[in-house]
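The values are calculated or read from the model by the stated rules, or taken from the named source; none is laboratory data. Just so you know, these numbers come straight off a predicted model, no measurement behind them. Neighbour counts run over all protein chains shown; Cβ positions are idealised from the backbone, glycine included. Side chains are part of the model used for accessible areas, which takes the heavy atoms of the whole protein and leaves out ligands, DNA and RNA. Shrake-Rupley method; radii C 1.70, N 1.55, O 1.52, S 1.80 Å.
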Amino acid sequence: MNGPLIITAAVCGAEVTRADNPNLPITPPEIARACHECFLAGASIAHLHVREDDGTPTQDAAVFKEAIALIRQKCDMIIQVSTGGAVGMTPQERLQPVYLRPEMASLTTGSVNFGNGVFLNPPEYLEQFARAMREQGVKPEIEVFDVGMIDSALRLVRKGLLAEPLHFDFVMGVPGGIPGTVKNLLHLAESIPPGSTWSVAGMGRCQLPLATAAILLGGHVRVGFEDNIFFEKGVLAQSNAQLVERVARIARLHGREPATPGEARRILGLPLRGEM
Ligand code: KMH
Ligand code: ZN
């Protein structure tokens, strides 16, 4: 028995388009509605990217602010802003939403080939991002696209830029990153410091088997259109909530209830807020 399962909803990301899945939320009201549906299905964290109305990815704090306010009107999910943004954005651009002081932000601790580009995260970015999060009181979710990124995160701990207990998200199956196998997931989970928490975000067809493995191994799970637009082979997901609901169902089958946002805050060591 591994306790409540934190489900993170990554509802739009920066790369997926309406041509890929017509059910993709794009505007702040659409994103907020999708996050709320995921909350009702069992998600307790919203991993948030935002877009311009035409679908272009943006890190504009005003757009994040609008989406966050709309989510807050509906539920008390933990808001985790992306600092990854989209390939090619400057570090200054990517950091903007951290200054809104959300409870969490993503922090990728290394560079990785990403599609036809490079998701660039040299050491100077890591230090700048970790320092900004520490100063703003924002808990990082360390995004690990390959195993060496764990070591880079531990270097930030030794420099006093990251505070334990750490929370990791293993992003698996990105072309250029670590392949999404259960064997690799075990290796990652065994490579982080004792007392850390972790989730897995499996890309595409890796999403379901890795989510199931994480449920059994005592980890947590991220699902959503950012990582996977299909419900099953050849069948597009109707909504992000449909993906969350399936993970919640599998978790319950194995004796794990989806964590409420309050339970997720306790598991992650975040200050508690009034539960809605
Ligand atoms: N869109 C990717 C290039 C994050 O949110 O921190 C990076 C990404 C990671 O999505
Ligand atoms: Zn992201």
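Shown for the chain are the DSSP H helices of 18 Å or more along their axis, judged by Cα atoms, with a mean Kyte-Doolittle hydropathy of at least 0.5: 61-74.
Cross-link reach is defined here as a Cα-Cα straight distance under 19 Å, omitting same-chain residues fewer than 8 places apart; for residue 74 the lysines meeting it are 65.
How far apart, in nm, are two points set 7 Å out from the Cα along the Cα-to-Cβ line at residue 164 and at residue 20? Each label point is offset 7 Å from its Cα along the Cβ direction, giving 3.6 nm. A 1.4 Å probe, protein heavy atoms only, puts the accessible area of residue 200 near 0 Å². By a 1.4 Å probe calculation restricted to protein chains, residue 190 has an accessible surface near 140 Å², given to the nearest 10.
Note on the chain: helix-only mean residue ellipticity at 222 nm, from DSSP H runs of 4+ residues weighted -39500 (n - 2.57) and normalised by residue number, equals -11000 deg cm²/dmol.
Given R0 = 22 Å, the distance between the Cβ atoms of residue 92 and residue 53 translates into a calculated FRET efficiency of 0.40. Among rounded, prolate and oblate, which fits the range 153-275 when a ≥ b ≥ c are the square roots of the eigenvalues of its C-alpha gyration tensor, a/c under 1.5 means rounded, and a/b larger than b/c means prolate? Taking the square roots of the gyration eigenvalues as a ≥ b ≥ c, the range 153-275 is oblate.
Protein-only accessible surface at a 1.4 angstrom probe places the residues 125, 99 in the order 99, 125, largest first. In this structure residue 197 has an accessible area near 30 Å², from a 1.4 Å probe over the protein heavy atoms.
Hey, with R₀ at 45 Å, roughly what FRET efficiency would residue 62 and residue 216 work out to, going by the Cβ-Cβ distance, to 0.05?
Numbers: r = 42 Å, r/R0 = 0.93.
In this case the efficiency is close to 0.60.
With all protein chains in place and ligands, DNA and RNA left out, the 1.4 Å accessible area ranks 76, 151, 54 as 54, 151, 76, largest first. Over the range 1-149, accessible surface divided per residue gives 38 Å², non-protein components excluded, 1.4 Å probe. Of the residues 94, 246, 72, the one with the largest accessible area comes first in the ranking 72, 246, 94, computed with a 1.4 Å probe on protein heavy atoms. Considering all C-alpha pairs of the range 19-124, those separated by over 21 Å amount to 36%.
Under the convention that each Lys and Arg Cβ holds +1 and each Asp and Glu Cβ holds -1, the size of the dipole of the chain around its Cα centre is about 580 debye. About its Cα centre, the dipole of the range 131-183 is roughly 220 debye, where the only charges are +1 on Lys and Arg Cβ and -1 on Asp and Glu Cβ.
With springs only between Cα atoms under 10 Å, which of 116, 184, 21 fluctuates most in a Gaussian network model of the chain? Result for the chain, Cα springs under 10 Å: 116 fluctuates most.
For the range 153-267, the carbon plus sulfur part of the accessible surface works out to 58%, probe radius 1.4 Å.
How big, in percent, is the set of alpha carbon pairs in the chain lying more than 24 Å apart?
43 percent
Return one quarter of the surface area of the convex hull spanned by the alpha-carbon atoms of the range 40-185, equal to its mean projected area, in nm². The partial results should precede the final answer.
Values: hull surface 37.8 nm².
For the range 40-185, averaging the hull's shadow over all directions gives 9.5 nm².
DSSP finds beta bridges in the chain, and of those with both partners inside it, around 20 percent are antiparallel. Spacing of the modelled spin labels on residue 232 and residue 147, each 7 Å from Cα toward Cβ, amounts to 3.5 nm.
Less than 5 angstrom separates the built amide H of residue 231 from those of 236, 237, all sequence-distant by 5 or more or on a different chain.
Using only C-alpha atoms and all pairs of different ones, pull out the Kirkwood radius for the range 90-138 in Å with one decimal. Present the calculation step by step, with values, prior to reporting the outcome.
Numbers: mean 1/r = 0.0879 Å⁻¹.
It works out to 11.4 Å.
Specify whether the C-alpha gyration tensor of the range 119-202 places it in the rounded, prolate or oblate class, a ≥ b ≥ c being the square roots of the eigenvalues: rounded for a/c under 1.5, otherwise prolate if a/b is larger than b/c and oblate if not. Present the calculation step by step, with values, prior to reporting the outcome.
Details: a/c = 2.08, a/b = 1.51, b/c = 1.37.
The shape class here is prolate.
What number comes out for the charge environment of residue 163, summing +1 per Lys or Arg and -1 per Asp or Glu over other residues with Cβ under 13 Å away? Please list the in-between numbers first.
Details: positive: 131, 134, 139, 158, 159; negative: 135, 164.
Within the 13 Å Cβ shell, the charges total +3.
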